[in-house]
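The values are calculated or read from the model by the stated rules, or taken from the named source; none is laboratory data. Everything numeric in this text was worked out from a predicted model, so none of it was measured. Cβ atoms come from the backbone with ideal geometry, glycine included; neighbour counts cover every protein chain shown.
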Amino acid sequence: MPVSSAPVIAVLCSAETGRPRHLDEVEARADVRYTDAAGLPEAIADAQALFLWDFFSSAVRDAWPGARQLEWIHVASAGVDTLMFDELAQSDVVVTNAKGVFDRPIAEFVLASILAVAKDVHRSHDLQTAHEWRHRETRTVAGETVLVVGTGSIGREIARLLQAVGMEVRGAGRTERPSDPDFGQVVSSRDLADHVGWADHVVVVAPLTDATRNLVDERVLSAMKPSAHLVNVGRGPIVDEAALIAALNDGTIAAATLDVFQTEPLPEDHPLWTTSGVVITPHMSGDAVGWTDTLARQFADNALRWLDGAPLENVVDKQLGFVAAASKEQADG
């Protein structure tokens, strides 16, 4: 590969993602090299920066031994669990993410999911398909209770939106706080089973870390109300899927809206497809129209900051696995 005098930025793409747009200003000032996973070891060999446009790829781990000059990796997603491995976490390479892009779309998705359950929308669709006219009564969400597991920026946007329609919201995070500007009260996620019984809806939006893997297990599910609704828009492995299926089948909880799964795409023969009370969406809760343009522009802005020697935005704490907030009150869960 030719030696370049300009800073080298490798961009990992795939046939599915294509190339990001809106990088003209960056290309004018840097040697931007687009590659797929197979070409990443060569592209990254003398690169100072890497943009993971194909943000679910795990190719960086294999290419890592040859990344001799790498200073910065930007991931076009809020979660960095697919990227992070021990050698990267222990290195001096800075990691940034797409914090902020998905907050409002995911909050709206959660509100829609809660309204769909309260207003029996999914059963209405089934009855329509069967040409069956069956009058029912539905619930109002005003006054219902929601426990949001994960108190980062997405969780806070969810809390604000749900409160706007009259719901009572609390948070569950790493640090217990009796007074919080968005949640009112934040309980410790380590004691989740002691608190989920309060909630009509439990919304999981925490990042996937060692502390949150299988956080929603049989013990937590058993402590929920029989009428409760679980929403997972965080990461699939946070919820024990086998325990969830059992809880739905035996009536321990009433419903689940799942946008993320332990294996994605969800296998065709997975029992969740046919479990009563489950609504499945294909990891799309944050993907509002124009989201890829927003992600590309966010990277371009950060790349120009990097080229100017300015501080990068959305720097991930690699030990925690997310962007640590500036204040205790805003800490991620």
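When segment 88-130 is limited to residues that are over 30 Å from PRO65 (Cβ atoms) and among the hydroxyl-bearing types (Ser, Thr, Tyr), the one that is surrounded by the most Cβ atoms within 10 Å (Cβ to Cβ) turns out to be SER113.
With GLY66, GLY79 as the choices, which residue is over 19 Å from ASP301 (Cβ atoms) and touching a Gly at 6+ places or on another chain (Cβ under 9 Å)?
Working: GLY66 fails: touching a Gly at 6+ places or on another chain (Cβ under 9 Å).
Result of the check over GLY66, GLY79: GLY79.
Taken over segment 221-241, residues that are part of a loop (DSSP other than H, G, I, E, B) and not basic (Lys, Arg) amount to 7.
The set of residues in segment 108-158 being outside any loop (DSSP other than H, G, I, E, B) and of a type in the set (D, E, K, R) consists of GLU108, ARG123, ASP126, ARG156, GLU157.
In this structure, does LEU208 turn out to be in the same structural domain as GLU157 (by TED's automatic domain parsing) and within 19 Å of LEU111 (Cα to Cα)?
Numbers: in the same structural domain as GLU157 (by TED's automatic domain parsing): yes; within 19 Å of LEU111 (Cα to Cα): no.
For LEU208, the condition - in the same structural domain as GLU157 (by TED's automatic domain parsing) and within 19 Å of LEU111 (Cα to Cα) - is not met.
When you look at THR252, is it within 23 Å of PRO207 (Cβ to Cβ), among the hydroxyl-bearing types (Ser, Thr, Tyr), in a loop (DSSP other than H, G, I, E, B) and out of contact with any His (no Cβ under 7 Å at 6 or more places or on another chain), yes or no? So THR252 fails the test.
Does SER189 count as among the polar types (S, T, N, Q) and farther than 19 Å from ILE238 by Cβ?
When the stated conditions are applied, SER189 does not pass them.
Yes or no, residue by residue, for (1) assigned to a loop (DSSP other than H, G, I, E, B); (2) surrounded by fewer than 22 Cβ atoms within 10 Å (Cβ to Cβ); (3) at pLDDT below 95:
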| site | (1), (2), (3) |
| --- | --- |
| MET1 | yes, yes, yes |
| THR17 | yes, yes, no |
| GLU27 | no, yes, no |
| LEU50 | no, no, no |
| TRP64 | no, yes, no |
| ILE73 | no, no, no |
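Take ARG219 and tell me if it is in contact (Cβ under 8 Å) with a residue 40 or more places away in the chain and either of a type in the set (Lys, Arg) or in contact with a Cys (Cβ under 6 Å, 6 or more places away or on another chain) (or both). Answer is no for this residue.
Return only the number of the condition from (1) of a type in the set (Ser, Thr, Tyr); (2) over 23 Å from LEU115 (Cβ atoms); (3) not in a loop (DSSP other than H, G, I, E, B) that THR257 does not satisfy. The single condition THR257 does not satisfy is (2). Residue-level check: of (1) touching a Lys or Arg at 6+ places or on another chain (Cβ under 6 Å); (2) assigned to a loop (DSSP other than H, G, I, E, B), ALA193 misses just (2).
Run down PHE109, PHE85 and say which single residue is touching a residue at least 60 places away in the same chain (Cβ under 8 Å) and aromatic (Phe, Trp, Tyr).
Numbers: PHE85 fails: touching a residue at least 60 places away in the same chain (Cβ under 8 Å).
Going through PHE109, PHE85 in turn, just one is touching a residue at least 60 places away in the same chain (Cβ under 8 Å) and aromatic (Phe, Trp, Tyr): PHE109.
Tell me yes or no: at least one residue of segment 129-139 is free of Cβ contacts under 8 Å to residues at least 40 places away in the same chain, of a type in the set (Phe, Trp, Tyr) and not assigned by TED's automatic domain parsing to the domain that holds LEU230. So that I can check it myself, show each step before the final result.
Kept after step one, since they are free of Cβ contacts under 8 Å to residues at least 40 places away in the same chain, are these residues of segment 129-139: 129-139.
Subset that is of a type in the set (Phe, Trp, Tyr): 133.
From what's left, not assigned by TED's automatic domain parsing to the domain that holds LEU230: none.
No, segment 129-139 contains no residue that is free of Cβ contacts under 8 Å to residues at least 40 places away in the same chain, of a type in the set (Phe, Trp, Tyr) and not assigned by TED's automatic domain parsing to the domain that holds LEU230.
Checking the stated criteria, GLN298 turns out to be outside the structural domain of GLY150 (by TED's automatic domain parsing) and modelled with pLDDT of 95 or more.
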